[in-house]
Amino acid sequence: MSRARMLRVGDRVRFDGLIQTVVGLSGTLVRLVDERGRGSVVHLPYLLAADGFEQLGERVEVPLLPAGSLHGVPPEVIEEAQWWERHIIEVITGRPPDAQPSVLPRLGYDPTTRSLVQREQAKATELAAQGHAVSIRTLQRKRQRYEAQGLAGLIDWRVDRHRSLHGRADSRVVEALQQAIVEATDRSTRTVAYLQWRVEQILTAQHGAGVVAMPSRATFYRLFEKVKAGRHTIGSARTRRSLANRPAGPFGAVAALRPGELMQMDSTPLDVLVLLPGGVPGRVELTGMVDLATRSITAAVLRPTTKSVDASLLLARTVTPEPMRPGWAQALAMSRSVLPHRRLLELDQRLEHAAARPVIVPETIVCDRGNVFISHNFRAACASLGINFQPAHPHTPTDKPHIERTLESVSTLFCQFVSGYLGRSAEHRGRRVEDEPLWSLLELQELLDEWILAVWQHRAHDGLRDPVTPGRSYTPNERYATLVEAAGYVPVALSAQDYIELLPARWQAINSYGIKINHRVYDSAELNPWRRQSSGVVAKKNLWEVHHDPYDVSQIWVRNHHQGG
């Protein structure tokens with residue numbers, strides 16, 4: 001960027017071979033007077049474009065040097081350019097850059113008596129006498145580059161030439177190595193020695209045997225480090241495939257401005273060993289749902305194997321209040337939280353004894369294409385609640401990054417503090433984890449529910465920041481309370497009857513001792529009239545329709561088809 005030049009009254013210029021003074025300016029007209037007192041008027045554009053025009057005695061205006069443009073240039077090269085700058089400025093103005101205005105130009109450099117060419121000849125003679133022989137043409141090129149580029153025009157940029165990313169390696173070898181690295185994306189991890197062999201095969205197939213010389217082993221290893229560019233070619237196969245599946249940037253962002261506008265759900269193996277219902281240790285799957293606007297975990301369930309009814313039940317738990325349970329601290333109650341409890345209580349009295357987990361009704365749910373989520377049961381549950389079901393693109397975890405990261409956070413913030421923690425992979429696993437005290441599936445579910453209420457919903461989340469106050473992060477409950485006020489409405493929780501309809505159903509007989517489900521017996525005086533009786537549903541062999549919550553084994557619901565209930 002060059003500075004603007006100015007022509008003022010009183011300035012001295014060289015024009016038409018004479019030294020003249022500007023005595024008047026009027027629009028584009030310039031009045032000049034030469035040393036003999038003769039005056040003339042010329043148009044400013046003609047004056048500035050005239051051959052030999054020069055402003056005399058002015059400070060040299062050169063382009064500003066961009067910040068950081070000299071990074072990487074050796075100091076001695078910069079010093080040489082600054083040495084030339086002093087001489088070039090003296091040629092242009094007649095004085096060195098640090099000379100006082102009262103100092104007269106040296107002999108041979110006075111712009112009032114010497115032309116620019118004469119001053120250049122004088123400088124060339126002076127430098128030759130000092131042992132720096134330079135031609136007039138070289139001096140002129142340096143002056144022209146300095147006037148156009150400033151100090152950067154005097155630097156020998158050959159010392160800062162950027163080398164090729166791959167050095168002096170043959171481009172054909174580089175292309176073959178890139179092809180071999182791409183081929184290794186979905187294959188098992190191999191060593192660099194294998195890639196060297198594979199590159200030689202590719203070069204032979206494309207150019208013939210011996211046509212392209214292979215670099216030495218050490219050179220190939222150095223070239224490989226440059227070409228692989230963090231693709232984990234000889235590292236974790238899982239990480240390698242994940243990086244290859246990453247879309248090209250820049251990445252977009254989906255903004256949700258109200259609770260439930262966009263929710264994501266997914267399943268992942270839990271990194272904790274638990275006691276399964278059969279009494280043997282094993283792993284379970286964690287299925288969870290997160291709200292994008294508030295980052296609230298609205299529901300999370302543990303099952304040995306996730307089924308479609310589990311996904312539907314997860315949806316049911318999302319849209320119903322979480323009741324306070326025996327042993328939970330009163331601080332976990334909704335009435336003690338930042339959630340708008342009083343306002344919501346007027347709409348649903350069940351919230352009087354609810355825990356501090358917001359009730360969020362989904363508008364859109366994004367999930368992967370697992371059989372659990374694209375099943376007819378789950379789609380029907382979404383349709384019955386008016387929820388837009390949106391499956392992600394195949395093999396594209398970036399379509400639902402928030403639930404992916406949330407489930408990972410559950411592992412680091414919750415699982416590693418639980419007895420029986422397995423680590424995220426076999427290489428991080430301890431010895432004989434199965435001998436540690438293990439929680440049962442129901443106990444671990446209880447711990448997880450309490451952790452979500454006590455820790456996650458009250459933990460500041462880095463993704464919950466207000467553009468007005470970016471320095472402060474909010475908790476999911478604080479964000480929910482804020483967005484409910486901004487949205488202008490509150491969600492209405494699912495009714496008890498609708499909740500029961502979303503629970504998994506099975507057909508059982510009402511025996512004299514009650515109803516047995518998973519080796520647990522449920523009995524009540526209300527079953528007395530119907531013990532060992534037919535339900536009237538012939539298609540189900542006269543068995544009774546029973547709904548149960550796999551995560552709350554304290555009760556079941558029996559539908560009486562005789563009474564239509």
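The values are calculated or read from the model by the stated rules, or taken from the named source; none is laboratory data. Nothing here was measured: the structure is a model prediction, and the numbers come from that model. Note: ideal-geometry Cβ built from the backbone for every residue, glycine included; neighbour counts use all protein chains shown. For the accessible areas, the whole protein counts, side chains as well, though only heavy atoms, and no ligand, DNA or RNA atoms are used. Shrake-Rupley method; radii C 1.70, N 1.55, O 1.52, S 1.80 Å.
Couple of notes before you dig in:
- Each residue in segment 307-322 was checked for being open to solvent by 10 Å² or more (accessible area, probe 1.4 Å), touching a strand residue (DSSP E or B) at 6+ places or on another chain (Cβ under 8 Å) and either acidic (Asp, Glu) or assigned to a helix (DSSP H, G or I) (or both), and 2 pass.
- Elements of type strands (runs of 3 or more DSSP E) in segment 454-565, at least 2 residues being closer than 24 Å to ASN377 by Cα: 505-508, 544-549, 552-559
- Scope segment 92-137; condition among the β-branched types (Val, Ile, Thr), at pLDDT below 90 and farther than 26 Å from PHE15 by Cβ; matching residues: VAL134
- Condition check for ARG187: within 28 Å of the chain's Cα centre (by Cα), closer than 30 Å to ILE365 by Cα, open to solvent by 70 Å² or more (accessible area, probe 1.4 Å) and not aliphatic (A, V, I, L, M): no
- Restricting GLY131, GLY167, GLY150 to those that are on the phi > 0 side of the Ramachandran plot and open to solvent by 30 Å² or more (accessible area, probe 1.4 Å) reduces the list to GLY131.
- For TRP451, the conditions (1) within 17 Å of THR298 (Cα to Cα); (2) in contact with a Lys or Arg (Cβ under 9 Å, 6 or more places away or on another chain) are fulfilled apart from (2).
- Set side by side, the residues GLU120, GLU85 differ, and just one is open to solvent by 40 Å² or more (accessible area, probe 1.4 Å) and within 23 Å of LEU151 (Cβ to Cβ), which is GLU85.
- Scope segment 215-246; condition of a type in the set (Gly, Ala, Ser) and under 29 Å from SER425 (Cα atoms); matching residues: ALA229, GLY230, GLY235, SER236, ALA237, SER242, ALA244
- The set of residues in segment 363-378 being in contact with a helix residue (DSSP H, G or I) (Cβ under 9 Å, 6 or more places away or on another chain) and outside any loop (DSSP other than H, G, I, E, B) consists of ILE365, VAL366, CYS367, HIS376, ASN377, PHE378.
- Residue in segment 496-510 that is within 28 Å of THR318 (Cβ to Cβ) and acidic (Asp, Glu) present: yes
- The single residue among ALA509, ALA505 that is surrounded by fewer than 19 Cβ atoms within 10 Å (Cβ to Cβ), modelled with pLDDT under 90 and of a type outside the set (S, T, N, Q) turns out to be ALA505.
- Count of residues meeting criterion [out of contact with any Leu (no Cβ under 7 Å at 6 or more places or on another chain) and either of a type outside the set (Ser, Thr, Tyr) or open to solvent by less than 20 Å² (accessible area, probe 1.4 Å) (or both)] in segment 419-438: 11
- Sub-6 Å Cβ pairs linking a first residue in segment 534-559 that is under 17 Å from THR320 (Cα atoms) to a second residue that is in a loop (DSSP other than H, G, I, E, B), at least 6 apart or interchain, are HIS547/LEU503; ASP549/LEU503, ordered by first then second residue.
- Matching residues, segment 385-396, being touching a residue at least 60 places away in the same chain (Cβ under 8 Å) and open to solvent by 60 Å² or more (accessible area, probe 1.4 Å): HIS395
- For beta carbons closer than 9 Å, sequence separation of 6+ or different chains, a first residue in segment 116-138 that is without any contact (Cβ under 8 Å) to a residue 60 or more places away in the chain and a second that is among the polar types (S, T, N, Q) and in a helix (DSSP H, G or I), the qualifying pairs are VAL117/GLN140; GLU120/GLN140; ALA124/THR138; ILE136/GLN121.
- Scoring SER534 on the criteria (1) under 22 Å from LEU339 (Cα atoms); (2) surrounded by 15 or more Cβ atoms within 10 Å (Cβ to Cβ) leaves a single failure, condition (1).
- Among (1) exposed (fewer than 15 other Cβ atoms within 10 Å of the Cβ); (2) not in a loop (DSSP other than H, G, I, E, B), the one test that ASP98 misses: (2)
- Residue within segment 474-494 that is of a type in the set (S, T, N, Q), within 30 Å of PRO281 (Cα to Cα) and surrounded by 13 or more Cβ atoms within 10 Å (Cβ to Cβ) present: no
- Among the residues of segment 397-418, the ones that are open to solvent by less than 40 Å² (accessible area, probe 1.4 Å) and either over 24 Å from GLY260 (Cα atoms) or not hydroxyl-bearing (Ser, Thr, Tyr) (or both) come to 8 in all.
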